[in-house]
């Protein structure tokens, strides 16, 4: 793989669970070749405690993870994104800011574990299920021979990854 670092922005509405998980997963699995970021169209203002607990239990660093607006990544001084991936249906249907550099986009929709009403055990299972799905998808992303794929092939691969379950 080349020494180039690919920036990936994961978008969701609240930026408190799914997009945060994807950011953490990519930063751990990316091997220095990928850098994950996350944001929301209407950020919750804090990372869901069940997200942080799950990440800690799986030995992921949580320092620096925070719920933030996607506006932070539309500024001229923001890192240029190579990929922008939505992980919830609401963010996929919203009008997104214009991202400098025309990054590749795909929709990796996953059910919202925050929305589940149930016992603590049921909620933890929902968070774990989302984590497994995103873990599988991020693993597939980092294994792609990106520098060898043309833009059309890469777009097809990103869309194929969206069909993968954990």
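The values are calculated or read from the model by the stated rules, or taken from the named source; none is laboratory data. Since the structure is predicted, the reported quantities are computational estimates derived from the model, not experimental observations. Note: ideal-geometry Cβ built from the backbone for every residue, glycine included; neighbour counts use all protein chains shown.
Return yes when residue 95 is modelled with pLDDT under 90 and farther than 19 Å from residue 162 by Cβ and no when it is not.
Taking the combined requirement at face value, the residue satisfies it.
What number of residues within segment 1-11 are under 20 Å from residue 78 (Cβ atoms) and either out of contact with any strand residue (DSSP E or B) (no Cβ under 6 Å at 6 or more places or on another chain) or at pLDDT below 90 (or both)?
Total satisfying the criteria: 1.
In the set 56, 18, 35, which member is at pLDDT 95 or above and over 16 Å from the mean Cα position of the chain (by Cα)?
Selected residue: 56, the only one of 56, 18, 35 that is at pLDDT 95 or above and over 16 Å from the mean Cα position of the chain (by Cα).
For residues that are assigned to a loop (DSSP other than H, G, I, E, B) and within 16 Å of residue 116 (Cβ to Cβ), tally how many sit in segment 6-46.
5
List pairs: first residue in segment 142-156 and at negative phi and modelled with pLDDT of 90 or more, second residue in a helix (DSSP H, G or I) and surrounded by 14 or more Cβ atoms within 10 Å (Cβ to Cβ) anywhere in the structure, Cβ distance under 6 angstrom, at least six positions apart or on different chains.
Listed pairs, sorted by first residue: 142/29; 144/157.
Residue-by-condition table, conditions (1) surrounded by fewer than 14 Cβ atoms within 10 Å (Cβ to Cβ); (2) at pLDDT 90 or above; (3) on the phi > 0 side of the Ramachandran plot:
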site: 61; (1), (2), (3): yes, yes, no
site: 65; (1), (2), (3): no, yes, no
site: 87; (1), (2), (3): no, yes, no
site: 101; (1), (2), (3): yes, no, yes
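Limited to segment 52-80, what total is found for residues that are closer than 27 Å to residue 103 by Cα, touching a residue at least 60 places away in the same chain (Cβ under 8 Å) and in contact with a helix residue (DSSP H, G or I) (Cβ under 9 Å, 6 or more places away or on another chain)?
Result for segment 52-80: 2.
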